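Asks: Structure provided below as structure tokens; questions to follow.
The values are calculated or read from the model by the stated rules, or taken from the named source; none is laboratory data. Note that the structure is predicted; figures quoted are calculated from it, not measured. Positions of Cβ are backbone-derived with ideal geometry, glycine not excepted, and every protein chain shown enters the neighbour counts. When the accessible area is computed, the model is the full protein with side chains, heavy atoms only, and any ligands, DNA or RNA have been set aside. Shrake-Rupley method; radii C 1.70, N 1.55, O 1.52, S 1.80 Å.
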Amino acid sequence: MIKQEKILITGANGQLGSVLAKRLQEKHGVNNVVATDIVADEDFVGNFEILDVLDFERLKSIVIQNEITQIYHLAAILSASGEKHPKRTWDINTKTLFNVLDVSVIQNVNKLFFPSSIAVYGTNAPKINTPQSYELTPTTVYGISKVAGENWAKYYFDNYDLDIRSVRYPGVIGHQTLPGGGTTDYAVDIFYKAINETNFECFLSKNTTLPMIYMDDAIRATIELMDAPKKSISIRTSYNIAGMSFSPEELTYAIQKIYPNFKTLYKPDFRQKIASSWPSSIDDSVAKKDWNWNPLFGIDEMTKIMIEELKLKQKTKLQKT
Ligand code: NAD
């Protein structure tokens, strides 16, 4: 008989965590998922615990009490927020990872997921179709913490046989929650303006092309990687995955197919420098070869769904008030 997995998610209130938690509840059963975050979520349906992942003893006791077999460690400070408090970001992003790595080894957790980011690349990397393996010289503390995390992931796999798996997410676009302080947040914020038929002020320049992924693809990639046979995983740092690539101007054109009068005004701020150091598109051929990764959403499908879902949400909210 296959043993029932017991799942722990850190950072479960976040943009990705809130959607992943629901998907994992569907897959493993509501009672087999423990969602945690540093702040409470009153609306969460299922098991929820407050956990600051810097607190190793509390993390360990939650793992023991719930007989956790898999951890999805999503808690982190993102790229744009990270630049405001560099040392704090380094501490949170690396110390929480060490706590999760150590508890996984001590408590024999079967599998661990740790998300990395396209932010691991620096200005020297080829912008187009950035290869899986290239010198990683990030310019942000967030990127530095993810490069270190990727290498520690491989170290724990090599030395402690910990089955840790990782993807480098591009900018994630979803309608469920607002993004949490990243450099690609504009690609979600823009839709809130579009449905209200107001102009959008973009913090990146109009031709800044970045790799992006629709939420459903990002969640599916996470689960497919975790379900892949161990022998097919050749990368123990982190896999490149690609969804789509576009600039703010191209996203504006996609929205104008639905709202022809919609306009974006460009006022680049400190986030432009971060975005300019990142790839424009990503080579994800290794993920495709190893575990059959295949994105399903392009810019037009994503735009249509984002607008439909946000309009529906707005209508439901209005009906409740
Ligand atoms: P988010 O900022 O929306 O959520 C992060 C969550 O972590 C928040 O709910 C926050 O309260 C929690 N958190 C912060 N510090 C904590 C601590 N010490 N203990 C417990 N919880 C803490 O982030 P997200 O967009 O959901 O990203 C999830 C993961 O994916 C992160 O590791 C991030 O680096 C990675 N990632 C995200 C994107 C993206 O576009 N969203 C892209 C690349 C990589």
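Asks: Over segment 84-144, what is the relative contact order in percent, taking alpha-carbon pairs closer than 8 angstrom and at least six residues apart? Intermediate results must be reported in sequence, preceding the final value.
Replies: Numbers: 38 pairs, mean separation 22.2, N = 61.
Once divided by the residue count of segment 84-144, the mean separation gives 36 percent.
Asks: Still on this structure, I have one more. Probe of 1.4 angstrom, ligands and nucleic acids ignored: what's the accessible area per residue over segment 1-88, in square angstrom?
Replies: 53 Å²
Asks: In nanometres, what is the gap between the two model label sites at I64 and N151, each 7 Å from Cα along Cα-to-Cβ?
Replies: 3.3 nm
Asks: Still on this structure, please answer the following. What accessible area per residue comes out for segment 117-266, rounded to a whole number of Å², with a 1.4 Å probe?
Replies: 38 Å²
Asks: If you don't mind, another one. Just the accessible area for V39, please: 1.4 Å probe, Å², rounded to the nearest 10?
Replies: Near enough 80 Å² of accessible area.
Asks: Along the positive direction of the dipole of the chain (beta-carbon charges: Lys, Arg +1; Asp, Glu -1; about the Cα centre), which of G298, I2, I173 reaches farthest?
Replies: Among G298, I2, I173, the one farthest towards the positive end of the dipole of the chain is G298.
Asks: Please label the shape of segment 114-192 as rounded, prolate or oblate, based on the square roots a ≥ b ≥ c of the eigenvalues of the alpha-carbon gyration tensor (a/c under 1.5 means rounded; beyond that, a/b larger than b/c means prolate, else oblate).
Replies: Cα axes put segment 114-192 in the oblate bin.
Asks: Can I ask one more? Seen from all sides and averaged, what is the projected area of the convex hull of the Cα atoms in segment 118-160, in nm²?
Replies: Answer in nm², one decimal: 3.1.
Asks: Something else now. Quote the charge dipole size of the chain about the Cα centre in Debye, to the nearest 20; the model charges only the Cβ of Lys and Arg (+1) and of Asp and Glu (-1).
Replies: Rounded to the nearest 20 debye, it is 320 debye.
Asks: Using alpha carbons only, how many degrees (0 to 90, rounded to 10) separate the axis of helix 86-106 from the longest principal axis of the chain?
Replies: 40 degrees
Asks: Could you tell me the distance between the Cα centroids of segment 192-251 and segment 110-153, to the nearest Å?
Replies: 15 Å
Asks: A further question on this structure: Treat segment 1-115 as a sphere of radius equal to its Kirkwood radius over Cα pairs and apply Stokes-Einstein at 20 °C in a medium of 1.002 mPa s; give the translational diffusion coefficient in µm²/s, rounded to a whole number.
Replies: Translational D for this selection: 150 µm²/s.
Asks: Compute the normalised compactness of the chain: alpha-carbon radius of gyration over 2.2 N^0.38 Å, N being the residue count.
Replies: Ratio of Rg to 2.2 N^0.38 Å for the chain: 0.98.
Asks: Which FRET efficiency, nearest 0.05, do I223 and K127 yield, Cβ-Cβ r, R0 45 Å?
Replies: 0.90
Asks: Could you tell me what percent of the accessible area of the chain is made up of carbon and sulfur, with a 1.4 Å probe and every protein chain present?
Replies: Working: 7750 of 14720 Å².
Carbon-and-sulfur percentage of accessible area, whole number: 53.
Asks: Let me know the Kirkwood hydrodynamic radius for segment 137-277, please, with Cα pairs as the basis and the value in Å to one decimal.
Replies: The answer is 16.9 Å.
Asks: What relative contact order, as a whole-number percentage, does segment 162-218 give when Cα pairs under 8 Å and 6 or more residues apart are counted?
Replies: 48 percent
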